[in-house]
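Student: Okay, here's the structure, questions in a sec.
Nothing in this text is a laboratory measurement; each read-out follows from the coordinates by a stated rule. Given the structure is predicted, the values throughout are model-derived calculations rather than measurements. Using ideal geometry, Cβ is built from the backbone for each residue, glycine included, and neighbour counts are taken over all protein chains shown.
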């Protein structure tokens, strides 16, 4: 699906300025791109999190479309009900127009406390796109670790110090978990790769049935990084293959970005204060080695799944 920057610049903004998300917030950038990718009328369900509390502070809203707030754990269930009601009204002839549905949740509300509702909605086959804006911790409630938090990251519930090097387990591979539900479309991307992001949103919305996107969204407060390098950080996540860009379309795994030169994962870790203890304490050096080994192993496995070698054949554009 071709994406024209010129055409995008002419579109009406559905996610509007004036919200209270932090400067440099990856989720805010992602949401603008996501909504620019929509063509049909769209209904949003937003789980409790940074986005809900920052974009819809009564009586103000940054959403130029129907928007509903749900609890942390039930965005997928709430959207299931809305989508089912829409289908019933269509059958009765009370609604004629085509409407699309997007559920939004952070990693806390998606990887963890919302996983049951998400899995159920996928299994039942409700037709909506679920997007996880993944900033790798419960940022809205105080930077607690989540199932998306990387090994070694220091958070308020996995603090680095004299007795700990931070989170002591690897992050959950939610994209693969969702793909295992055998739904029509699953993708992983970042707002640093806007063309990839918008193409995947358009693809996801083109299908009947449930679809899913896992979007890495930087958080300078939780990542302890400079606001001005958010896009660079998300690009580095892909260039180090810590966060590969790929899609699973009708069961076929496909890379959508294969870096010309795979960078060491330390290039992504160093600018983030949540990992500074891994570099400042010699005893934590082995954690860096474990992180690199995990990235290398998962990247090799993904390439094999996608049928792609170092010659970069079969990479989607």
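Student: Take the Cα coordinates of the chain, assign each an equal point scatterer, and use the Debye formula without solvent to give log10 I(q)/I(0) at q = 0.08, 0.13, 0.14, 0.16 Å⁻¹.
Tutor: For the chain at q = 0.08, 0.13, 0.14, 0.16 Å⁻¹, log10 I(q)/I(0) is -0.35, -0.93, -1.09, -1.42.
Student: At residue 23 and residue 300, where each label point lies 7 Å from the Cα along Cα→Cβ, what is the point-to-point distance in nanometres?
Tutor: Those two pseudo-labels are separated by 4.4 nm.
Student: Roughly speaking, what is the centre-to-centre gap between the range 109-161 and the range 1-71 when only Cα atoms are used, to the nearest Å?
Tutor: 20 Å
Student: Here is a further query. Name the residue, out of 132, 22, 219, whose mean-square fluctuation peaks in a Gaussian network model built on the chain with Cα pairs under 10 Å.
Tutor: Looking only at 132, 22, 219, the biggest GNM fluctuation is shown by 22.
Student: Rounded to the nearest 500 deg cm²/dmol, what is the calculated helix-only ellipticity per residue at 222 nm for the chain, with -39500 (n - 2.57) per DSSP H run of length n ≥ 4?
Tutor: Estimated from H runs of four or more residues: -10500 deg cm²/dmol.
Student: Note down the nm distance, to one decimal, between modelled labels 7 Å out along Cα→Cβ at residue 254 and at residue 292.
Tutor: 3.4 nm
Student: Based on the mean of other Cβ atoms within 10 Å per residue, sort peptides 267-273, 168-174 so the most packed one is first.
Tutor: So the peptides 267-273, 168-174, ranked by packing, come out 267-273, 168-174.
Student: A further question on this structure: May I ask you to order 5-13, 292-300 by the average number of other C-beta atoms within 10 Å around their residues, highest value first?
Tutor: Listed from highest to lowest mean packing, they are 292-300, 5-13.
Student: Any idea how far apart residue 64 and residue 97 come out in nm if each label point goes 7 Å out from Cα toward Cβ?
Tutor: 1.4 nm
Student: Show me the ranking of peptides 55-65, 192-202 by mean Cβ neighbours inside 10 Å, starting with the highest.
Tutor: 192-202, 55-65
Student: What angle, in degrees between 0 and 90 and rounded to the nearest 10, separates the Cα long axis of helix 115-124 from the longest principal axis of the Cα atoms of the chain?
Tutor: Relative to the chain, helix 115-124 is tipped by roughly 40 degrees.
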